[in-house]
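Down below is the structure, laid out as C-alpha coordinates.
The values are calculated or read from the model by the stated rules, or taken from the named source; none is laboratory data. Note that the structure is predicted; figures quoted are calculated from it, not measured. When we count neighbours, we look across all protein chains shown, and the Cβ atoms used for this are built from the backbone with ideal geometry, even at glycine. When the accessible area is computed, the model is the full protein with side chains, heavy atoms only, and any ligands, DNA or RNA have been set aside. Shrake-Rupley method; radii C 1.70, N 1.55, O 1.52, S 1.80 Å.
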Amino acid sequence: QVQPVESGGGLVQPGGSLRLSCAASGSGFFIYAMGWYRQAPGKQRELVALITRGGGTNYANSVKGRFAIAGDSAWNTVYLQMSNLKAEDTAVYYCYVDVGHQAWGQGTQVTVSS
(Lines give C-alpha, C1' and ligand atoms only; values in the text may rest on other atoms or scores of the structure.)
Protein backbone atom coordinates (compact mmCIF):
# COMPACT_ATOMS: atom_id res chain seq x y z
CA GLN A 1 0.00 0.00 0.00
CA VAL A 2 1.41 3.38 -1.02
CA GLN A 3 0.42 6.67 0.56
CA PRO A 4 1.66 9.96 -0.92
CA VAL A 5 2.19 12.72 1.64
CA GLU A 6 2.53 16.31 0.43
CA SER A 7 4.21 19.26 2.10
CA GLY A 8 5.37 22.77 1.22
CA GLY A 9 2.23 24.69 0.38
CA GLY A 10 1.43 28.11 1.74
CA LEU A 11 0.87 31.77 1.00
CA VAL A 12 3.21 33.57 -1.38
CA GLN A 13 3.19 36.91 -3.14
CA PRO A 14 2.91 37.13 -6.93
CA GLY A 15 6.31 36.56 -8.49
CA GLY A 16 7.44 34.47 -5.56
CA SER A 17 8.51 30.84 -5.35
CA LEU A 18 7.49 27.70 -3.48
CA ARG A 19 8.66 24.12 -3.51
CA LEU A 20 6.23 21.28 -2.96
CA SER A 21 7.38 17.85 -1.87
CA CYS A 22 5.60 14.51 -1.96
CA ALA A 23 6.95 11.41 -0.27
CA ALA A 24 5.53 8.01 -1.12
CA SER A 25 5.34 6.03 2.10
CA GLY A 26 4.65 2.33 2.40
CA SER A 27 6.23 -0.75 0.90
CA GLY A 28 5.79 -3.42 -1.70
CA PHE A 29 5.15 -1.20 -4.68
CA PHE A 30 6.91 -0.11 -7.86
CA ILE A 31 6.52 3.51 -8.91
CA TYR A 32 6.10 4.08 -12.63
CA ALA A 33 5.44 7.81 -12.53
CA MET A 34 4.73 10.66 -10.12
CA GLY A 35 3.11 13.98 -10.65
CA TRP A 36 1.05 16.91 -9.49
CA TYR A 37 -2.48 17.99 -10.24
CA ARG A 38 -4.26 21.06 -8.95
CA GLN A 39 -7.84 22.13 -8.43
CA ALA A 40 -8.96 25.72 -8.06
CA PRO A 41 -12.38 26.61 -6.60
CA GLY A 42 -15.10 25.96 -9.11
CA LYS A 43 -12.74 24.33 -11.60
CA GLN A 44 -11.87 20.79 -12.59
CA ARG A 45 -8.73 19.12 -11.41
CA GLU A 46 -5.97 19.59 -13.97
CA LEU A 47 -2.56 18.11 -14.57
CA VAL A 48 0.29 20.41 -13.62
CA ALA A 49 3.35 18.22 -14.21
CA LEU A 50 4.42 14.62 -14.23
CA ILE A 51 7.66 12.69 -14.40
CA THR A 52 8.17 9.07 -15.41
CA ARG A 53 10.70 6.68 -13.98
CA GLY A 54 12.65 7.06 -17.21
CA GLY A 55 12.94 10.79 -16.65
CA GLY A 56 10.36 11.97 -19.14
CA THR A 57 8.38 15.03 -18.09
CA ASN A 58 5.17 16.70 -19.13
CA TYR A 59 3.88 20.12 -18.11
CA ALA A 60 0.67 22.04 -18.48
CA ASN A 61 1.16 24.88 -20.94
CA SER A 62 0.26 27.39 -18.25
CA VAL A 63 3.27 26.43 -16.10
CA LYS A 64 5.94 25.72 -18.71
CA GLY A 65 9.07 27.71 -18.02
CA ARG A 66 7.96 28.50 -14.45
CA PHE A 67 7.58 25.10 -12.76
CA ALA A 68 10.03 22.20 -12.65
CA ILE A 69 9.35 18.65 -11.51
CA ALA A 70 12.02 16.28 -10.28
CA GLY A 71 12.31 12.97 -8.45
CA ASP A 72 14.92 12.07 -5.86
CA SER A 73 17.57 9.40 -6.39
CA ALA A 74 15.59 6.83 -4.40
CA TRP A 75 12.58 7.50 -6.65
CA ASN A 76 10.13 7.75 -3.77
CA THR A 77 9.89 11.53 -3.46
CA VAL A 78 8.83 14.04 -6.08
CA TYR A 79 9.36 17.79 -5.97
CA LEU A 80 7.63 20.64 -7.73
CA GLN A 81 9.64 23.84 -7.82
CA MET A 82 7.29 26.71 -8.62
CA SER A 83 8.67 30.09 -9.63
CA ASN A 84 7.19 33.38 -10.82
CA LEU A 85 3.91 32.39 -9.22
CA LYS A 86 0.72 34.06 -10.39
CA ALA A 87 -2.65 34.53 -8.78
CA GLU A 88 -4.09 31.96 -11.17
CA ASP A 89 -1.78 29.33 -9.68
CA THR A 90 -3.85 29.46 -6.51
CA ALA A 91 -5.29 25.99 -5.94
CA VAL A 92 -5.10 22.83 -3.90
CA TYR A 93 -2.19 20.82 -5.26
CA TYR A 94 -2.45 17.05 -5.19
CA CYS A 95 0.37 14.60 -5.56
CA TYR A 96 -0.24 11.34 -7.34
CA VAL A 97 1.86 8.24 -7.64
CA ASP A 98 1.34 5.63 -10.36
CA VAL A 99 2.01 2.16 -9.02
CA GLY A 100 -0.13 0.41 -11.59
CA HIS A 101 -3.01 2.39 -10.22
CA GLN A 102 -3.03 6.01 -9.06
CA ALA A 103 -2.61 6.81 -5.38
CA TRP A 104 -3.41 10.36 -4.27
CA GLY A 105 -2.21 12.58 -1.49
CA GLN A 106 -4.52 14.66 0.68
CA GLY A 107 -3.64 17.92 -1.07
CA THR A 108 -1.80 21.07 -0.03
CA GLN A 109 -3.09 24.61 -0.46
CA VAL A 110 -1.09 27.10 -2.50
CA THR A 111 -2.31 30.69 -2.36
CA VAL A 112 -0.72 33.42 -4.45
CA SER A 113 -1.82 36.81 -3.24
CA SER A 114 -0.45 40.19 -2.31
On the accessible surface of the chain, probed at 1.4 Å with all protein chains in place, carbon and sulfur together account for a percent value of 47 percent
Using the Cβ atoms and a cut-off under 11 Å, what net charge is assigned to the surroundings of D89, where Lys and Arg are +1 and Asp and Glu are -1? +2
Ranking by accessible area, most exposed first, for E88, E6, E46 with a 1.4 Å probe: E88, E46, E6
Peptides 21-34, 62-75 ordered by average Cβ neighbours within 10 Å, highest first: 21-34, 62-75
Mind checking which of A24, Y93, S62 is farthest towards the positive end of the chain's charge dipole, using Cβ charges of +1 (Lys, Arg) and -1 (Asp, Glu) about the Cα centre? S62
Potential lengthening between Q39 and A74 on full extension [0.36 nm per residue; Cα-Cα distance subtracted]: 9.8 nm
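Output the relative contact order of the chain, whole-number percent, from Cα pairs under 8 angstrom with separation of 6+ residues.
Relative contact order of the chain: 37 percent.
Taking a ≥ b ≥ c as the square roots of the eigenvalues of the Cα gyration tensor of region 18-83, is the shape rounded (a/c under 1.5), prolate (a/b larger than b/c) or oblate? Walk me through the intermediate numbers first.
Values: a/c = 1.91, a/b = 1.54, b/c = 1.24.
It comes out prolate by the Cα gyration axes.
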Pair V5, S114: separation of 7 Å Cα→Cβ label points (nm): 3.8 nm
What are the ³J(HN,Hα) couplings of region 53-68, residue after residue, when phi is run through the Karplus curve with 6.51, -1.76, 1.60 and θ = phi - 60°? Round to Hz, x for glycine and proline. 4, x, x, x, 10, 9, 10, 5, 4, 5, 10, 4, x, 10, 10, 9
What is the local net charge at S17, summed over the other residues whose Cβ is closer than 15 Å to its Cβ (Lys, Arg +1; Asp, Glu -1)? +2
